1. Using only Cα atoms and rounding to the nearest 10 degrees, what angle (0 to 90) does helix 52-61 make with the longest principal axis of the chain?
2. Going by alpha carbons, how many degrees (0 to 90, nearest 10) lie between the helix axis of 3-14 and the longest principal axis of the chain?
3. Give, as ranges by residue number, the residues of segment 86-116 whose backbone N falls under 17 Å from the point 7 Å along Cα→Cβ of Ser68.
4. At a Förster radius of 30 Å, what calculated FRET efficiency corresponds to the Cβ-Cβ distance of Arg121 and Ser185, to the nearest 0.05?
5. Give me the dipole magnitude in Debye, nearest 20, for the chain about the Cα centre, with unit charges on the beta carbon: positive for Lys and Arg, negative for Asp and Glu.
6. Using only Cα positions of segment 16-124, each an equal point scatterer, no hydration layer, compute I(q)/I(0) via Debye at q = 0.12, 0.13 Å⁻¹ and quote the log10 values to two decimals.
7. Compute the normalised compactness of the chain: alpha-carbon radius of gyration over 2.2 N^0.38 Å, N being the residue count.
8. How would you rank Ile40, Ile76, going from fewest to most other Cβ atoms within 10 Å of each one's own Cβ?
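Every read-out reported here was derived from the displayed coordinates using simple, explicitly stated rules and does not represent laboratory data. From a predicted model like this one, the values you see are computed outputs, not experimental measurements. All Cβ positions, even for glycine, are placed from backbone atoms using ideal geometry, and neighbour counts span all protein chains on display.
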Amino acid sequence: MNDKEKKHMSKFLSLVLRHKPKYINLELDENGWAEVDELIEKAKSRHMHFSFDELIEVVTTNDKQRFSFNPNNTKIRANQGHTVKTVDLKFEPKQPPEFLYHGTVGKFLESIKTSGLDKRRRQHVHLSEERETAIKVGSRRGVPIILSIRALEMHRKGYEFYCSENKVWLTDHVPTEFIEYNLSSCPNCKDSIEYSPISDVFMKVKFKDKSEKKVYKKRCENCGTNLVMNKYTRNHLAYSNYSNWELD
Ligand code: HQG
């Protein structure tokens, strides 16, 4: 199978093992397992034809190890990410590292600041140990914004965490007081400036030599200084915790 075919099949497996087993009338047991034979047979009703060996290939080479077999390969399930309400994967609570990361996008920030991180349609809030993973997750929706979660402190205060087989950290809800938002500061007065995808003004600045620079501009709300940030830095803000605004 080529990469495109594998991806197509992985998406199909996510659909029926996490979200809509009814799409092919598949039975998931209370722990999320489906019979492999039944899956192969019923997938045909949606023109998904694959062999047992091809299924093994997709599962073992999957970039995020999204699926698992039982020990004798007769059953298959998704390791996390379900929206099907009746499935309980029976995760064991586990102590998280000091920080976990969550990748999101600017348009959700205001709401997250008000109500914390919610699980939305899924069964849990998804967090990762690596910032890189959070960047990838956030990038699915636009310019990623990485939130750092003080997970160990949450755990000490009684919040439970779970870690799926494919190393996705899960929890029910992250209250906003445990979230560290990436702030930068004004190079003039050092007051903190929030990443503000809505109010920052984007413009092209033309130089005499006809070269062009794409920048974001804003005014520090505290001292009134005009600030500038180049587009490249801005779009990669998620990659650093540094203050990126410069004096205009
Ligand atoms: C946001 C993929 C407003 C949250 C990834 C996210 C992941 C809020 C979106 C897995 C909010 C939910 C999960 C609030 C959270 N107000 N927005 N209070 N609380 N949000 O897809 O974490 O490729 O359900 O920031 O790799 O993006 O499918 O969750 O943007 O592991 O295997 O609401 O999906 O895995 O979106 O991604 P999702 P997610 P797969």
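1. Taking the Cα atoms of the chain, the angle to 52-61 is about 30 degrees.
2. Taking the Cα atoms of the chain, the angle to 3-14 is about 80 degrees.
3. Correct set: 87-95.
4. The computed FRET efficiency comes out at 0.25.
5. 1180 debye
6. The Cα Debye sum returns log10 ratios of -0.54, -0.62.
7. Expressed relative to 2.2 N^0.38 Å, the Cα Rg reads 1.25.
8. The fewest-first ordering by Cβ neighbours comes to Ile40, Ile76.
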